[in-house]
Amino acid sequence: MTADAGFGEVERLLRAAGQAARTELERAQDAIATLVRLQTAQGLAAEFTREDRPYERNAALARLIDEGLLERAAFIQKRPFVLQFYKRLLFALDREPRTILEIGVKGGASTAFWKALFPSCRVVGLDIKLQRWLVTGGSAPDGVVYEQGDQADEARLQAIAREHGPFDIVIDDGSHRSEHQAATLVALLPHVSPGGFHVIEDVHANLKNQADGHKTDYGSDIWPDFVLALFERLRRGPVGTRSAGADLAQAIAKRTDELILGKRILAIRVAGRGQP
């Protein structure tokens, strides 16, 4: 073997060793993320109803995050006021949910939480880019069915609904863009069971301040007009000025039994509550 060939073989072996090491590190990271999110779902979730990041007070977890062995995505990303909203909402159901679809699952902590709350429920998580540790095909350790897809793809939403619906709860925590939220509502509301809920998170103002001082544009601010127009329809009053939000309310009004509002979150209860 020539010297050049020998150096080439050494380089190949070093690259292979490096790739093997990266693969093992990723496996370890995925195992840690899975363990932490399942433990959070089963026993620690209550702490997240009181503060945003209780793991920062835990020295061991904070060290794992600082060292890059644990991603923050393994923890529930929903703010305390959002979790409190869901707590009130779940009490309003006249039955234990049998099917839940969440759009925008991040690291899968909230989907694992729903599954821990309702073990017999079929929980489906949809995301445009699933984290490495979330397994598609229904074999995830948390018992959740994970699907990859874009909520802007109506055909994909319809396929998910045909395969896994009807749903007792649909949660839109996806792109947070108003046009995607509106299209998702129109596409999936017919697949929500009577008495069930379609929940839309992050119905904040269209321009949202970021930590770095920049603003993120989430599209047209349709939700104030939507709420007012749907309220008028529910009380059988006159709907005022035409707008994208008001038109959306008109489109879904016949399927709506109640509108429930929270801080930057709303829920629409599908008409026919109490029906089997």
Fill in: Scan of the stretch 146-162 for residues that are under 19 Å from C121 (Cα atoms) and at pLDDT below 95, ordered by number
Y146, E147
Fill in: Residue satisfying condition, being surrounded by 16 or more Cβ atoms within 10 Å (Cβ to Cβ) and touching a Leu at 6+ places or on another chain (Cβ under 6 Å), within set R255, R233
R255
Item to complete: May I ask you to verify whether L90 is more than 14 Å from T40 (Cα to Cα), assigned by TED's automatic domain parsing to the domain that holds L259 and not acidic (D, E)?
Response: yes
Worksheet item: Quick one: how many residues across the stretch 116-157 are aliphatic (A, V, I, L, M), within 12 Å of the chain's Cα centre (by Cα) and part of a loop (DSSP other than H, G, I, E, B)?
Response: 2
Discussion item. Against the conditions (1) at pLDDT 85 or above; (2) within 30 Å of P194 (Cα to Cα), where does R72 fall short? Just the number, please.
Written reply: (2)
Item to complete: Would you point out which residue out of I100, I128 is touching a residue at least 40 places away in the same chain (Cβ under 8 Å), among the hydrophobic types (A, V, I, L, M, F, W, C), over 22 Å from I32 (Cα atoms) and crowded, with 17+ Cβ neighbours inside 10 Å?
Response: I100
Worksheet entry | Test: F81 is more than 13 Å from R37 (Cα to Cα), at pLDDT 90 or above, surrounded by fewer than 15 Cβ atoms within 10 Å (Cβ to Cβ) and touching a strand residue (DSSP E or B) at 6+ places or on another chain (Cβ under 8 Å) | yes
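The values are calculated or read from the model by the stated rules, or taken from the named source; none is laboratory data. Quantities reported herein were computed from a predicted structural model and do not represent experimental measurements. All Cβ positions, even for glycine, are placed from backbone atoms using ideal geometry, and neighbour counts span all protein chains on display.
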